Amino acid sequence: MKSYVILISGRGSNMQALIAAQLPGRCAAVISNRPDAAGLAWAAARGVPTAVVDHKAFASRAAFDAALAAEIERHAPDLVLLAGFMRVLGQDFVKRFDGRMLNIHPSLLPSFPGLHTHAAALAAGVKIHGCTVHFVTPSLDCGPIVVQAAVPVLPGDSEAALAARVLAQEHVVYAQAARWFLEGRIAVIDGHVQLAGAANADGALRVPLD
Ligand code: NHR
Ligand code: GAR
């Protein structure tokens, strides 16, 4: 059976959605760079092995990356899932897990890479926002896109309200993308993802409506 490792930094709601989805693979470990991440207790309570690799305990990003890679490789996972993981990973780390590491990013990439995406979307006045599952490559938030979900930005939205609307979709598309990967249905061809047996969506999300 295939296996996967989830990297978190905090709450871990995406991690919970992934584990609850009963993917066709075993969750070998949940690893956090923060010892106080709430998601660790949730995973441990469900019998999932947990580990902490505290970035503050290392003198350099390279030393942290090496320790994190070693902890992941103890489990020899087929897939590594960044789920609200908040440390930028260096090129050597990314190369070790090339083609088998996914991230969920809270915007419709390539719009709003980096941090504070919901504030940036509100500031830009976009009417449609969302989330993206992508392969992790050395350049931040730029890897091949697997799936995206779009939500409306509504009049009077706060950052928190918009984040919650996006988060609900993150939980859906991340579990879906992880399932596709574990089923062997994802191919990256010329830097673009192709999904075997995909149905094409029709219709449109238009915002606002009149
Ligand atoms: N690493 C690489 N090489 N490529 C990607 O695409 C990555 C990555 C590491 C994390 C997640 C990403 C996101 O979805 C991710 C994608 C953290 C930062 C950041 O600036 C930016 C993007 C993402 C995650 N982190 C600060 C840092 O100095 C720390 C911020 C904090 O601790 O709160 O590493 O948005
Ligand atoms: C999620 O919205 C995720 O997309 C985002 O942080 C939140 C984590 O929530 N990730 C990033 O911003 C990465 N820089 P969670 O811990 O409940 O999954």
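Considering only residues that are exposed (fewer than 15 other Cβ atoms within 10 Å of the Cβ) and of a type in the set (A, V, I, L, M, F, W, C), look in the stretch 68-78 and name the one that is farthest from G10 (Cα to Cα).
Initially, the stretch 68-78 is screened for residues exposed (fewer than 15 other Cβ atoms within 10 Å of the Cβ), giving 70, 73-74, 76.
Keeping just the survivors that are of a type in the set (A, V, I, L, M, F, W, C) gives 70, 76.
Numbers: A70: 21, A76: 24 Å.
Filtering the stretch 68-78 for residues that are exposed (fewer than 15 other Cβ atoms within 10 Å of the Cβ) and of a type in the set (A, V, I, L, M, F, W, C), the one farthest from G10 (Cα to Cα) comes out as A76.
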### Query
In the stretch 2-19, is there at least one residue being more than 13 Å from ligand 2 (Cβ to nearest atom) and open to solvent by 60 Å² or more (accessible area, probe 1.4 Å)?
yes
### Task
Identify, from the list L82, L40, L102, the residue that is closer than 13 Å to L7 by Cα, under 19 Å from the mean Cα position of the chain (by Cα) and away from ligand 1 (no atom under 13 Å from the Cβ).
L40
### Task
For the stretch 22-34, indicate whether the set of residues that are touching an Asp or Glu at 6+ places or on another chain (Cβ under 8 Å), closer than 22 Å to F181 by Cα and of a type in the set (D, E, K, R) is non-empty.
no
### Message
Every residue in the stretch 20-58 that is crowded, with 17+ Cβ neighbours inside 10 Å and part of a loop (DSSP other than H, G, I, E, B), please.
### Response
L23, G25, N33, R34, A37, V48, V53
### Task
Restricting attention to the stretch 127-140, report how many residues are within 12 Å of L102 (Cα to Cα) and in contact with a Ser or Thr (Cβ under 8 Å, 6 or more places away or on another chain).
1
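The values are calculated or read from the model by the stated rules, or taken from the named source; none is laboratory data. These numbers come from a predicted model, not from an experiment. All Cβ positions, even for glycine, are placed from backbone atoms using ideal geometry, and neighbour counts span all protein chains on display. These accessible areas exclude ligands, DNA and RNA; they are computed on the full protein's heavy atoms, side chains included. Shrake-Rupley method; radii C 1.70, N 1.55, O 1.52, S 1.80 Å.
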